[in-house]
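*Asks:* This is the structure I have questions about; it appears just below.
What follows draws every value from the coordinates through simple rules; no lab data is involved. All values reported here derive from a predicted model rather than from experimental measurement. Using ideal geometry, Cβ is built from the backbone for each residue, glycine included, and neighbour counts are taken over all protein chains shown.
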Amino acid sequence: MKKIFFITFPILLIDQFLKIYIKTHFRLGDGFCISPFFCIILIENPGMAYGIHIAPGYFGKVLLSFFRFFLISFILFFIYKNVKNKSSNYLVIPMMFIFSGAIGNFLDSALYGFLFNTGTTYSKECKNWIPYSGISKINFDSINNGYASFMEGCVVDIFHLPIIDIFFPNYIPFFGGKNFQFFKPVFNVSDMVIFIGVVLLLFFRKRIQNIKFL
């Protein structure tokens with residue numbers, strides 16, 4: 001189990017430090033560019049990685065939070081069994097990356113509504129997510145002064161990679177007058193390590209084919 005701690009804890013520490021720092025120092029939508037292809041920007045995401053939603057509105061948000069909880073529980077059991085059985089690191093380490101990323105985003109959903117005084121909230125009247133103004137502060141008073149309840153917080157995304165950002169002239173068929181940007185979604189450290197974990201599993205799939213998973 002030490003292996004799980006030494007991989008998961010540093011990832012969570014970096015992920016949460018960056019999220020909390022950015023949220024308590026930037027207004028929603030503000031940021032800066034380190035280079036033309038790498039920007040820091042504060043975005044709040046009620047969905048999954050890269051803004052994907054499993055269901056619309058408030059129901060989708062709560063459903064996603066509980067889905068993350070059960071996914072984390074399953075992955076933890078999976079890792080524990082394979083570490084105990086001394087399975088190959090080609091399987092265990094990528095799964096630890098996925099586990100760490102899932103926990104990082106789950107903490108945002110579960111606790112950020114308590115931790116911060118302001119955040120993106122869902123309006124049942126407007127049937128839409130409502131942004132907030134100003135810079136968020138850490139809520140030191142009580143859980144009742146947070147911006148949302150348990151499992152209702154939004155995930156903080158901070159990285160933007162506009163590697164390609166071009167505008168197509170009007171004379172170009174079909175695409176004329178439109179802007180194309182790649183990579184458009186804003187993401188965080190948790191999203192990155194989940195992606196890395198999945199890529200490693202695919203890359204080493206031949207080495208783990210004969211491993212007993214459970």
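*Asks:* Out of the residues in the range 1-20 that are among the basic types (Lys, Arg) and surrounded by fewer than 19 Cβ atoms within 10 Å (Cβ to Cβ), state the one that is farthest from the chain's Cα centre (by Cα).
*Replies:* Residues of the range 1-20 that are among the basic types (Lys, Arg), as a first pass: 2-3, 19.
Still in the list and also surrounded by fewer than 19 Cβ atoms within 10 Å (Cβ to Cβ): 2-3.
Details: Lys2: 25, Lys3: 23 Å.
Across the range 1-20, the extreme among qualifying residues is Lys2.
*Asks:* Search the range 149-204 for residues being surrounded by 17 or more Cβ atoms within 10 Å (Cβ to Cβ) and farther than 29 Å from Gly119 by Cα, and hand back the single one that is nearest to the chain's Cα centre (by Cα).
*Replies:* Filtering first and then ranking leaves Gly197.
*Asks:* Further question: Of all residues in the range 114-140, how many are farther than 20 Å from Asp157 by Cβ and in a loop (DSSP other than H, G, I, E, B)? Working first, answer last.
*Replies:* Going through the range 114-140, the residues farther than 20 Å from Asp157 by Cβ turn out to be 123-127, 139-140.
Next, from what is left, pick out any that are in a loop (DSSP other than H, G, I, E, B): 124-127, 139-140.
Qualifying residue count for the region: 6.
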